[in-house]
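Participant: Before anything else, here's the structure in question.
Rule-based calculations on the coordinates, nothing more; no lab input. On a predicted model such as this, the values are computed, not experimentally measured, just so you know. Cβ sites come from the backbone with ideal geometry, for glycine too, and all protein chains shown count toward neighbours.
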Amino acid sequence: MPEDAQTQVRAAWLYYMEGLTQAEIADRLKMTRLRVNRLLVEARGSGLVNITINSRLESCVRLERALVETFGLQDAVVVPTPDDPGQVPAQIGRAAGEFVSRIIEERPSGVFGVGWGSTLRETIRHIRPGQFRELDVTSMMGGLTYGIELNTFEIASQFARLWQAQCHYLAAPIYAGTPQSRDIILAQDVFEEAFARIRATDVSIFSAGDMSERSLLVRYGLPRDLDIAELTAQGAVGDLLGQFIDKDGKPLDHPINRRAIALPLEALTRIPTAILASGGSNKAAVIAAALKGKLASVLITDEQAAAAVLALH
């Protein structure tokens, strides 16, 4: 380890583990207090030092209990809502990474199904690496036809890489051209095998999209021949795995859902642990609908979204 790196580690240890002041560290290491301060800042910024707050906010715990009781969930995790709405996926992703890591370490085999989106991208950043050779990671929906780190293919491959697990793609677009062409595609042997694996999913994690331009699906994934206003007029509150649902969590009776190349929503109810990781007040309606429809058994969200979901119910 380079001398500067060793000095940084030593300074961080003395400050965080032994409780010395910056002035005491400067005296101990024969350097200025300004340099000690700079070393500590760099240690935080580089990830050398991670600070975990072990206490839980009482308001978040109360919301978790209310969500579990109201919707009959296995579990719920609620994190404080950040002042910057753009940081919501990062905060939820941190909590989701810890939750998923714990589950996989306890049950390191079977099939782990994934969706797509910014929250799952953030989740990956907080997954603990491991060697789970008996685990299969599979995408539960088709993806975009061009590279983007939020895509299902990238999400699945990154989970698998971190766990040294087998990786399987649903190598198709999110939507076929027509319901008929979707049926033809799914009749192929390779897709029958892929869907058999997806239906055997033991643990899944996916996010939800609302009906605004903030939605990844609305921005990047919808076919050009579809008008989002048409779906809203028919009662859509958002989507899961590219399939739109109404306020009761029922799949919308619209051709777009019959064009989706993804695990059918009703199959989500049979996954033993189906984790919905999504937040932001703008997604309260679709989250509430998903929970009402029993499409998720675990919810990981933020405080404001949780309160709004309970208010809607």
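Participant: Relative to the first principal axis of the alpha-carbon coordinates of the chain, what is the inclination of helix 58-71, with its axis defined by its Cα atoms, in degrees from 0 to 90 and to the nearest 10?
Facilitator: 20 degrees
Participant: Is the shape of the range 3-46 best called rounded, prolate or oblate, per the rule: a/c under 1.5 gives rounded, else a/b larger than b/c gives prolate, else oblate, with a ≥ b ≥ c the square roots of the Cα gyration tensor eigenvalues?
Facilitator: Values: a/c = 1.43, a/b = 1.21, b/c = 1.17.
Because its axes are fairly even, with a/c under 1.5, the range 3-46 counts as rounded.
Participant: Now, a different point. Please work out how many pairs of lysine residues in the chain are eight or more positions apart (or on different chains) and have Cα atoms closer than 13 angstrom.
Facilitator: Values: 247/283; 247/292; 247/294; 250/292; 250/294.
Close lysine pairs found across the chain: 5.
Participant: Cα gyration tensor of the range 274-313, axes a ≥ b ≥ c as square roots of the eigenvalues: rounded (a/c below 1.5), prolate (a/b > b/c) or oblate? All intermediate terms of the calculation are to be shown ahead of the outcome.
Facilitator: Details: a/c = 1.93, a/b = 1.28, b/c = 1.50.
Judged from the Cα gyration tensor, the range 274-313 comes out oblate (a/c at least 1.5, b/c at or above a/b).
Participant: Further question: Hey, how many Å between the Cα centroid of the range 1-47 and the Cα centroid of the range 79-107?
Facilitator: 29 Å
Participant: Here's a follow-up. When only DSSP loop residues count, what GluC sites (Glu not before Pro) in the range 188-296 have their Cβ near at most 11 other Cβ atoms within 10 Å? Show your work: numbers first, answer last.
Facilitator: Numbers: sites: 192, 193, 213, 230, 266; in loops: 213.
Sparse-neighbourhood loop GluC sites (Glu not before Pro): 213.
Participant: Another one. How high is the relative contact order of the range 58-312, in percent, counting Cα pairs under 8 Å that sit 6 or more residues apart? If you can, show how the numbers build up before the last one.
Facilitator: Values: 536 pairs, mean separation 59.2, N = 255.
Value for the range 58-312: 23 percent.
Participant: Send over the Kirkwood Rh of the range 45-142, from the inverse of the averaged 1/r over different Cα pairs, rounded to one decimal Å. Could the numbers behind the result be given before it?
Facilitator: On the way: mean 1/r = 0.0650 Å⁻¹.
Hydrodynamic radius (Kirkwood, Cα pairs) of the range 45-142 is 15.4 Å.
Participant: Another question, if that's okay. Given charges of +1 on the Cβ of Lys and Arg and -1 on the Cβ of Asp and Glu, with all other atoms neutral, how large is the dipole of the chain about its Cα centre, in debye to the nearest 20? Before the final figure, lay out the partial values.
Facilitator: Values: 32 positive and 37 negative charges, 104 e Å.
Here the chain has a charge dipole of around 500 debye.
Participant: Right, next: Any chance you could give the angle, 0 to 90 degrees and rounded to 10, that helix 3-12 forms with the longest Cα principal axis of the chain?
Facilitator: Approximately 80 degrees, to the nearest ten.
Participant: What is the gain in length, in nm to one decimal, between residue 105 and residue 184 on full extension, counting 0.36 nm per residue of separation less the C-alpha to C-alpha distance? Don't skip to the answer; put the middle values down first.
Facilitator: Details: separation 79, 0.36 × 79 = 28.44 nm, distance 3.88 nm.
So the chain would gain 24.6 nm between residue 105 and residue 184.
Participant: Return the loop-located GluC sites (Glu not before Pro) in the range 1-106 (DSSP other than H, G, I, E, B) with at most 10 other Cβ atoms within 10 Å of their own Cβ; answer none if there are none. Don't skip to the answer; put the middle values down first.
Facilitator: On the way: sites: 3, 18, 24, 42, 58, 64, 69, 98, 105, 106; in loops: 18.
In loop regions of the range 1-106 (DSSP not H, G, I, E or B), the sparsely surrounded GluC sites (Glu not before Pro) are 18.
Participant: Next up: Please determine, in degrees from 0 to 90 and to the nearest 10, the orientation of helix 33-46 with respect to the longest principal axis defined by the Cα atoms of the chain, where the helix direction is its Cα long axis.
Facilitator: 20 degrees
Participant: Using helices alone, I'd like the mean residue ellipticity at 222 nm for the chain: each DSSP H run of four-plus residues gives -39500 (n - 2.57), total over residue count, nearest 500. Walk me through the numbers before you get to the answer.
Facilitator: Values: 14 runs with 137 residues, N = 313.
Calculated at 222 nm, the ellipticity per residue is -12500 deg cm²/dmol.
Participant: When every alpha-carbon pair in the chain is counted, what percent end up more than 37 Å apart? Present the calculation step by step, with values, prior to reporting the outcome.
Facilitator: On the way: 11391 of 48828 pairs.
Here the long-distance tail beyond 37 Å is 23 percent of all Cα pairs in the chain.
Participant: Size of the dipole of the range 3-46 about the Cα centre, Lys and Arg at +1 and Asp and Glu at -1 on the beta carbon, nothing else charged, in debye to 20?
Facilitator: Numbers: 7 positive and 6 negative charges, 23 e Å.
It works out to roughly 100 debye.
Participant: May I pose another question? Using the Cα gyration tensor of the range 122-241, with a ≥ b ≥ c the square roots of its eigenvalues, what is the shape: rounded (a/c below 1.5), prolate (a/b larger than b/c) or oblate (neither)? Walk me through the numbers on the way to the answer.
Facilitator: Numbers: a/c = 2.26, a/b = 1.42, b/c = 1.60.
It comes out oblate by the Cα gyration axes.
Participant: Continuing with this model, one more query. Say the dipole of the range 58-312 comes from +1 at the beta carbon of Lys and Arg and -1 at that of Asp and Glu; which of 293, 97, 218 then lies farthest toward its positive end?
Facilitator: 97
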